[in-house]
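Okay, so here's the structure we're looking at.
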Amino acid sequence: SATVVGALREADVVVDGLLGTGLDGPARGITASVIEAINESRKPVVALDLPSGLQADRGELAGPVVKATLTATFAGVKRALLLHPAAACAGAVTVIPIGIPDAEVGRGIETWLLEEADIRVHFPARHRDAHKGSYGHLLAVAGSVGKTGAAALAGRAALRSGAGLVTIATPASQQPIVAALGMESMTEPLPETSAQSLSLKSKERILELASRSDAVALGPGLSLDPETQSLIRELIRDVGKPMVVDADALTALAGHLDALDGASGPRLLTPHPGEMARMLGCAVAAVQADRIEVVRAVCARHRVWAVLKGAGSVIGSPDGRVFINPTGNPGMATGGSGDVLTGMAGAFLARGLEPLHALQSAVLLHGLAGDLACARWGEEGLIAGDIIETIPEALRPRASR
């Protein structure tokens with residue numbers, strides 16, 4: 001160990017090849033001591049395949065891990081390089097081809113890194129004779145007393161994402177506020193509870209509005225009122241159009257996942273770890289410990305599309321495929337950011353994208369808009385409205401930004 005410390009003192013760069021992809025459990029003994037010595041040296045580190053101490057398929061840190069400056073990973077990206085907190089140990093990541101044919105690299109793989117090129121094909125240039133009906137009508141069922149901002153953010157995000165029309169259905173007492181917050185959205189006042197949230201009496205009108213729309217976004221600011229929660233479950237089950245389910249609508253599914261099993265149309269779920277844990281009746285730590293497989297299981301079991309939000313958001317589809325999103329930054333951890341994502345996903349559904357493509361596009365472009373906003377204003381003061389204002393720039397191809 002003393003020899004290693006001495007060598008590190010003389011080194012300009014450290015090449016880490018101590019441990020590889022076969023590690024199961026924490027590094028121990030002299031290997032752990034060497035890892036700690038490398039980190040204490042504060043020298044630039046190039047890790048081969050994985051920083052030593054990481055388990056290839058998992059995001060948690062089981063023990064000491066080399067903090068790399070650059071990771072040269074071979075043939076394909078390993079899950080740990082995309083999942084946090086493990087990914088923070090990798091530094092910059094570059095994939096080194098080693099002669100394995102692409103077909104072999106991808107054989108049997110069901111977990112993929114989402115890339116910008118994957119979603120650009122869904123946004124061709126607009127035809128000169130396009131009109132607002134060409135880009136879909138989104139119905140956003142959202143808002144309650146004190147939570148009108150959530151409804152307005154979702155509606156504005158949908159419009160910035162290119163939806164031709166947006167109608168926000170909201171409690172009657174809150175409709176003037178929602179209308180004032182967004183001039184471009186239409187609003188629909190609906191029957192409400194004594195707590196000024198949507199009542200069961202509004203169901204038939206919502207179903208009628210949905211029948212005239214192309215997609216529905218359900219959840220932002222709807223409240224936890226028991227009657228409203230019952231309404232939400234009935235809407236998840238009975239609305240025939242594609243639907244994004246978020247926020248308070250996800251809470252309504254806790255203990256009632258059968259509403260998804262009987263749903264009349266495609267359902268896209270956008271939970272953060274706390275909402276996913278409530279839905280599944282487990283601890284948040286259990287969700288975070290295996291984000292990829294939790295999403296894969298939920299999507300396959302209930303035939304839904306879902307994104308588990310957070311650093312390295314995980315997107316799943318019913319066929320078992322999972323995609324990890326690389327965009328976004330910590331400045332997006334702010335109230336209303338999720339409502340923006342809901343509006344974006346709803347807009348892309350309304351525009352006619354398939355559920356998986358709509359969710360992939362919304363997640364990647366939401367993070368990209370957040371990155372553009374961060375470059376303009378910095379992380380510390382970033383707010384959800386900043387993300388909305390940079391959506392049009394995110395929608396532009398990279399070469400034209």
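The values are calculated or read from the model by the stated rules, or taken from the named source; none is laboratory data. Only a predicted model underlies this, so the values are computations on that prediction, with no experimental measurement involved. Note: ideal-geometry Cβ built from the backbone for every residue, glycine included; neighbour counts use all protein chains shown. SASA here: full protein model, heavy atoms, side chains in, ligands and nucleic acids out. Shrake-Rupley method; radii C 1.70, N 1.55, O 1.52, S 1.80 Å.
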Residue under evaluation Pro226, criteria (1) open to solvent by 40 Å² or more (accessible area, probe 1.4 Å); (2) touching a residue at least 24 places away in the same chain (Cβ under 8 Å); (3) under 30 Å from the mean Cα position of the chain (by Cα), criterion not met: (2)
When you look at Asp214, is it under 23 Å from the mean Cα position of the chain (by Cα), more than 17 Å from Pro171 (Cα to Cα) and modelled with pLDDT under 95, yes or no? no
Cβ contacts < 9 Å: first residue in contact (Cβ under 8 Å) with a residue 12 or more places away in the chain and in a helix (DSSP H, G or I), restricted to region 96-117; second residue open to solvent by 80 Å² or more (accessible area, probe 1.4 Å) and of a type in the set (D, E, K, R), any location; separation 6+ or different chain. Result? Glu116/Arg398
Against the definition (open to solvent by less than 60 Å² (accessible area, probe 1.4 Å), modelled with pLDDT of 95 or more and either out of contact with any strand residue (DSSP E or B) (no Cβ under 6 Å at 6 or more places or on another chain) or not hydrophobic (A, V, I, L, M, F, W, C) (or both)), how does Val65 come out, yes or no? yes
Six or more apart or on different chains, Cβ under 6 Å: which pairs go from a residue in region 180-208 that's at positive phi to one that's open to solvent by 20 Å² or more (accessible area, probe 1.4 Å)? Could you list them? Gln196/Val145; Gln196/Ser173
From the list Gly352, Gly367, which residue is of a type in the set (Gly, Ala, Ser) and not in a helix (DSSP H, G or I)? Gly352
Leading residue by the ranking (nearest to Leu364 (Cα to Cα)) among those in region 300-329 that are open to solvent by 10 Å² or more (accessible area, probe 1.4 Å), outside any loop (DSSP other than H, G, I, E, B) and in contact with a helix residue (DSSP H, G or I) (Cβ under 9 Å, 6 or more places away or on another chain): Phe323
